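Okay, so here's the structure we're looking at.
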Amino acid sequence: MSAINKVATILVNKPPVKRVAMVCEGIGINYAHIKLYLMHGLTEEFEEIPGSQMVYYEKYFGKISTLIVPKANPSSLDKLAALLR
C-alpha cells in the first residue's frame with residue numbers, strides 16, 4: 001500500500017486535481033488489482049456533490065456504482081447488523 005500512497009501523492013501534486021480515488025479489486029485472483037482515478041473539477045475544500053439519479057441493482061452484474069441508492073428499510077438493516085455480529 002505504501003507504493004500506492006506514493007503514486008497517489010504524485011498524482012495529486014502534479015496534475016491540477018485535488019483528490020485521487022483508489023479502487024481495489026481482486027475477486028478470483030491472487031494479487032491486488034488497484035486502480036487510481038484522478039477526480040477532476042473539485043474545489044480546494046471538500047464539498048458534497050449530490051448525485052442527480054438513483055440506482056439500485058438486485059444482483060451484482062460486474063461493476064460497482066457510486067450513484068446514490070434508495071434508503072434501506074431500517075428493519076432490514078437491523079437484521080443485517082444482527083447477522084454480522
When you check Tyr37 against the structure, is it at pLDDT 80 or above, assigned to a loop (DSSP other than H, G, I, E, B) and of a type in the set (Ser, Thr, Tyr), yes or no? no
Among the residues of the range 14-23, the number that are surrounded by 10 or more Cβ atoms within 10 Å (Cβ to Cβ) and either part of a loop (DSSP other than H, G, I, E, B) or more than 12 Å from the chain's Cα centre (by Cα) (or both) is 4
If I filter the range 24-32 for residues that are surrounded by 10 or more Cβ atoms within 10 Å (Cβ to Cβ) and in contact (Cβ under 8 Å) with a residue 12 or more places away in the chain, do I get at least one hit? no
Please verify whether Ile29 is modelled with pLDDT under 80 and within 18 Å of the chain's Cα centre (by Cα), treating the condition exactly as stated. no
Taking the range 33-66 as the search range and keeping residues that are small (Gly, Ala, Ser) and surrounded by 10 or more Cβ atoms within 10 Å (Cβ to Cβ), which one is farthest from Asn5 (Cα to Cα)? Gly51
Which pairs do you get when a residue that is of a type in the set (Ser, Thr, Tyr), found in the range 63-81, comes within reach of a residue that is surrounded by 10 or more Cβ atoms within 10 Å (Cβ to Cβ) and part of a loop (DSSP other than H, G, I, E, B), reach meaning Cβ atoms under 7 angstrom, with the pair 6+ apart or on two chains? Ser65/Val55
Mind listing whichever residues of the range 33-59 are more than 16 Å from the chain's Cα centre (by Cα), without any contact (Cβ under 8 Å) to a residue 12 or more places away in the chain and farther than 29 Å from Asn73 by Cα? Gly41, Glu45
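Yes or no, residue by residue, for (1) at pLDDT 80 or above; (2) out of contact with any Leu (no Cβ under 9 Å at 6 or more places or on another chain); (3) part of a loop (DSSP other than H, G, I, E, B); (4) among the small types (Gly, Ala, Ser):
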position	(1), (2), (3), (4)
Lys6	yes, yes, no, no
Glu45	yes, yes, yes, no
Ala72	yes, no, yes, yes
Ser76	yes, yes, no, yes
In the range 1-59, anything within 26 Å of Pro70 (Cα to Cα) and among the β-branched types (Val, Ile, Thr) is listed as Val23, Ile49, Val55
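The values are calculated or read from the model by the stated rules, or taken from the named source; none is laboratory data. In this text, all values refer to a predicted model and were calculated from it rather than measured experimentally. Please note: Cβ atoms are built from the backbone with ideal geometry, for glycine as well, and neighbour counts cover all protein chains shown.
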